[in-house]
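Student: Take a look at this one; I'll ask things after.
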Amino acid sequence: MKRRDFSAQLGLSVIGAGLPGLAAMPAHWQRGGIDFARPLLGVPGQALRDWLQAQGEGWVDDPSNTDLRYTRNRIRHELLPALQAVFPAFRDTLARSAAHAAQAQTLLQQLARDDLQQVGNPPVIAALRALAPERQANVLRHWLASCHRCTPSAAQLAELQRQIAACTTRGHRIEIKVGLGFVRRSNDRLDWYNSPVLAP
């Protein structure tokens, strides 16, 4: 990997996107049984424009790319040139960091899938409590994202883990809002309920 959209990558890392944001754009991924690829992701934009010009071909520029109201464009037009002047090799360094982040994210996803098989779906509270806090957070994020299409904020996840840690008796209640629904205790397990479904 030689090049990524560093303006987007830096923007995501600034707003706290975690490893998925730091990993930047994937060169290949699958969704809904369809393969997607960005075969030219490693080619600098200027090299593509030079090649097209040499072939007598035109291209379309998205006018929003020059609008400095967007953080990604301020990074692209103001921050990246300053970094280039001070740290000429910063693109290669960020590319390596992005590759490491992508590898780490893949490992975390594999671990989360394995852990979800162990704790059950929906997760058994006692099995969650037996995990180290980091693995517990990882599997909870995976369960909510893969099964319920919602992503907890850092504060929501921390509160959910606090409630799980305090859940030591049969009558202990767990309830926390996540996304458009709620994580609640259901007997010995956690479950997620969509609030519109619960509305009278």
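The values are calculated or read from the model by the stated rules, or taken from the named source; none is laboratory data. Everything numeric in this text was worked out from a predicted model, so none of it was measured. All Cβ positions, glycine included, derive from the backbone under ideal geometry; neighbour counts span all protein chains shown. Just so you know, the surface numbers come from the protein's heavy atoms only, side chains and all, with ligands and any DNA or RNA stripped out. Shrake-Rupley method; radii C 1.70, N 1.55, O 1.52, S 1.80 Å.
Student: Which of the residues that make up segment 67-82 are part of a helix (DSSP H, G or I), open to solvent by 90 Å² or more (accessible area, probe 1.4 Å) and among the basic types (Lys, Arg)?
Tutor: If the condition is that a residue be part of a helix (DSSP H, G or I), open to solvent by 90 Å² or more (accessible area, probe 1.4 Å) and among the basic types (Lys, Arg), then Arg74 is the only one that fits.
Student: Also, I was wondering about something else. Going through segment 36-95 one residue at a time, which ones are small (Gly, Ala, Ser) and in contact with a Leu (Cβ under 8 Å, 6 or more places away or on another chain)?
Tutor: Kept after step one, since they are small (Gly, Ala, Ser), are these residues of segment 36-95: 37, 42, 45, 47, 54, 56, 58, 64, 82, 85, 89, 95.
Residue satisfying the conditions is Gly58 alone.
Student: While we're here: Mind checking which strands (runs of 3 or more DSSP E) fall wholly inside segment 83-198 and carry at least 3 residues that are in contact (Cβ under 8 Å) with a residue 40 or more places away in the chain and out of contact with any strand residue (DSSP E or B) (no Cβ under 9 Å at 6 or more places or on another chain)? It would help to see each step written out before you state the result.
Tutor: On the way: elements: 175-178, 181-186, 189-194.
Per the criteria, no element qualifies.
Student: Given the conditions (1) modelled with pLDDT under 90; (2) more than 30 Å from Pro152 (Cα to Cα), which single one is not true for Gly18?
Tutor: (2)
Student: Here is a further query. Please go through segment 47-66 and pick out each residue that is closer than 23 Å to Glu78 by Cβ, loosely packed, with under 10 Cβ neighbours inside 10 Å and either hydrophobic (A, V, I, L, M, F, W, C) or in contact (Cβ under 8 Å) with a residue 12 or more places away in the chain (or both).
Tutor: So in segment 47-66, the residues closer than 23 Å to Glu78 by Cβ come out as 47-49, 61-66.
Remaining after also requiring loosely packed, with under 10 Cβ neighbours inside 10 Å: 61-63.
Hits for segment 47-66: nothing passes.
Student: Among the residues of segment 83-119, count how many are open to solvent by 50 Å² or more (accessible area, probe 1.4 Å) and among the aliphatic types (A, V, I, L, M). Show your work before the answer.
Tutor: So in segment 83-119, the residues open to solvent by 50 Å² or more (accessible area, probe 1.4 Å) come out as 84-89, 91-93, 96-97, 100, 103, 106-111, 113-114, 117-118.
Keeping just the survivors that are among the aliphatic types (A, V, I, L, M) gives 85-86, 89, 107-108, 111.
The number of residues fulfilling the criteria is 6.
Student: With the structure loaded, tell me whether Pro122 is of a type outside the set (Phe, Trp, Tyr) and loosely packed, with under 13 Cβ neighbours inside 10 Å or whether it fails that test. Can you show your working first?
Tutor: Values: of a type outside the set (Phe, Trp, Tyr): yes; loosely packed, with under 13 Cβ neighbours inside 10 Å: no.
When the stated conditions are applied, Pro122 does not pass them.
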